[in-house]
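Participant: Before I ask anything, here is the structure I am working with.
The values are calculated or read from the model by the stated rules, or taken from the named source; none is laboratory data. These figures come from a predicted structure and were not determined experimentally. Cβ atoms come from the backbone with ideal geometry, glycine included; neighbour counts cover every protein chain shown. SASA here: full protein model, heavy atoms, side chains in, ligands and nucleic acids out. Shrake-Rupley method; radii C 1.70, N 1.55, O 1.52, S 1.80 Å.
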Amino acid sequence: MRAAIQEAPPAPAPAARAERPQVPLLGGQLPSLTGMRWAAAFLVFLYHIKNFRYFGAEDHPLVNWAFGPGTVGVTFFFVLSGFVLAWSARPGDKVTSFWRRRLARVYPVHVVTALIALALAFSVLPALKPSGYKETAANLLLLSSWKIEWWQAVNPVSWSLVCEAFFYATFPAVYAVLRRFGPRALTALVVVSIATVMVLPKVNALLDTGVVLYSFPAARIPEFVLGIALARLVQLGHWRGPGLEAATAITLIGYFMYPHFTHAFASTTVLGFALMIPAGAVADIKGTPSMWRNRRLVKLGEWSFAFYMIHVLVLQTASLVLGSKPRFDTLPALGATAAVFAVALALAAALYHGVELPGRRLLLGKRRPIRSKGAQADSPPGTAAVPGPPERGADAEAATPAARRH
């Protein structure tokens, strides 16, 4: 394809500049979004701690309340992906160049963790073993989530990477349309996207279509489109949401409301995410205080994709030592959680420095070290998507045959 990803239209006329603060239309460091990404990745880890039953019956109600909603992070990452890709779209960028950068960003870690998963599957963790070479090939080609039986193929968490691959494939065409929208149309699209995310799982359940939307890439496109529309509103200087602290508070309220709703992806948190991500971006643009811009959080955010891709494999391997669903007392459970977290984090750092950055340089032909600078063109675009249960409301451990891998 020779089409190019076009950049935003020219800046408004001088008269319009006087009415609203200027916002850079391209790039610009957004470290708060990188910090947020780590928080979401950590919630995913805690969600899987709950599923692996490290805590006993006495602690389970509290753990379920605090960690159970962690699955909503998948929506955060999908919205963030759309936001960052639109924010960092390059003027005159060729579609093939865009796809090449995206492939370089995610594929090295995907391949290495898939090989680790296969090595474990054919040695000590037979539950991870794929059904055959077709399932394995589909996963390596980032196509496996299109077939529900393969939604957790090879490395169980990579299903959401298949969704991201679909988003990357569609972004040039979607962005070419949305960049022509004015503020009113973009605002309307934000409202429609939020509503779709909230009602689609429920409608699907009521109609009993027999389709599990949670891991189906096409069903997650509204979240991605929402992120694009939000980025365009910020770029055009027409974002009118609350500040970062209020947006974070709204997100937390939605997070703890999640257990009271069924048949949902993240219906109680999508509004908070749609407020918090632009608020973080605006805080970085204006230089106002942001708890998410903390240096350590940003560093962890840079590792978050690798952390996401390795953490379930660490939990699976740890079960060989700790046992399946050990249900420890409080102190041993906390110790086991801290131990597997430390191992997963150390491996994430090794993957980031030893695979992700060198792999990106290799695929892009760059000799100089690549340094992440917040949410920029080649920084993580929210690809550290979050695994979770099917939207039918069943527990991830029993909902589908593949869920045995969790």
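Participant: So, for segment 31-187, what is the accessible surface per residue at a probe of 1.4 Å, expressed in square angstrom?
Facilitator: Numbers: 5420 Å² over 157 residues.
On a per-residue basis, 35 Å².
Participant: Let me know the shape class of segment 191-347, please: from the alpha-carbon gyration tensor, a ≥ b ≥ c as square roots of the eigenvalues, rounded when a/c is under 1.5, otherwise prolate if a/b is greater than b/c, or oblate.
Facilitator: oblate
Participant: Now for a separate question. Calculate the dipole size of segment 79-145 relative to its Cα centre from +1 charges on Lys and Arg beta carbons and -1 charges on Asp and Glu beta carbons; express the result in debye to the nearest 20.
Facilitator: Roughly 240 debye, rounded to the nearest 20.
Participant: For Leu207 and Asp329, calculate 0.36 nm times their separation in residues minus their Cα-Cα distance, and state this gained length in nm to one decimal.
Facilitator: 39.6 nm
Participant: Sticking with this structure for a sec: Say the cut-off is 27 Å between C-alpha atoms; which of Lys50/Lys202; Lys94/Lys299; Lys147/Lys202; Lys129/Lys325 go over it?
Facilitator: Result: Lys94/Lys299 exceed 27 Å.
Participant: Which cross-chain or sequence-distant (5 or more) residues have an amide H under 5 Å from the amide H of Asp93, H modelled 1.01 Å from N in plane?
Facilitator: Sorted by chain and number, the residues that satisfy this are Ile5.
Participant: Post the alpha-carbon centroid distance, segment 184-244 to segment 304-337, in whole angstrom.
Facilitator: Cα centres, segment 184-244 to segment 304-337: 33 Å.
Participant: Something else now. For a test of the definition: using alpha carbon positions, the gyration tensor, and the 1.5 limit on a/c, classify segment 44-165 as rounded, prolate or oblate. Write out the running numbers ahead of the final one.
Facilitator: Numbers: a/c = 2.73, a/b = 1.32, b/c = 2.07.
The shape class here is oblate.
Participant: Give me a comma-separated list of calculated 3J(HN,Hα) values for segment 291-304, in order, Karplus coefficients 6.51, -1.76, 1.60 applied at θ = phi - 60°, integers in Hz, x for any Gly or Pro.
Facilitator: Here the 3J(HN,Hα) series is 5, 7, 8, 3, 4, 5, 4, 5, 4, 5, x, 5, 8, 5 Hz.
Participant: Within 9 Å, Cβ to Cβ, of Pro108, how many net charges do the neighbouring residues add up to if Lys/Arg are +1 and Asp/Glu are -1?
Facilitator: Computed value for this residue: +1.
Participant: Would you work out if segment 269-353 is rounded, prolate or oblate? Take a ≥ b ≥ c from the square roots of the eigenvalues of the alpha-carbon gyration tensor; rounded if a/c is under 1.5, else prolate when a/b is larger than b/c, oblate otherwise.
Facilitator: It comes out prolate by the Cα gyration axes.
Participant: How large, in percent, is the carbon and sulfur part of the accessible surface of segment 213-260 at a probe radius of 1.4 Å? Could the numbers behind the result be given before it?
Facilitator: Working: 1220 of 1690 Å².
Carbon-and-sulfur percentage of accessible area, whole number: 72.
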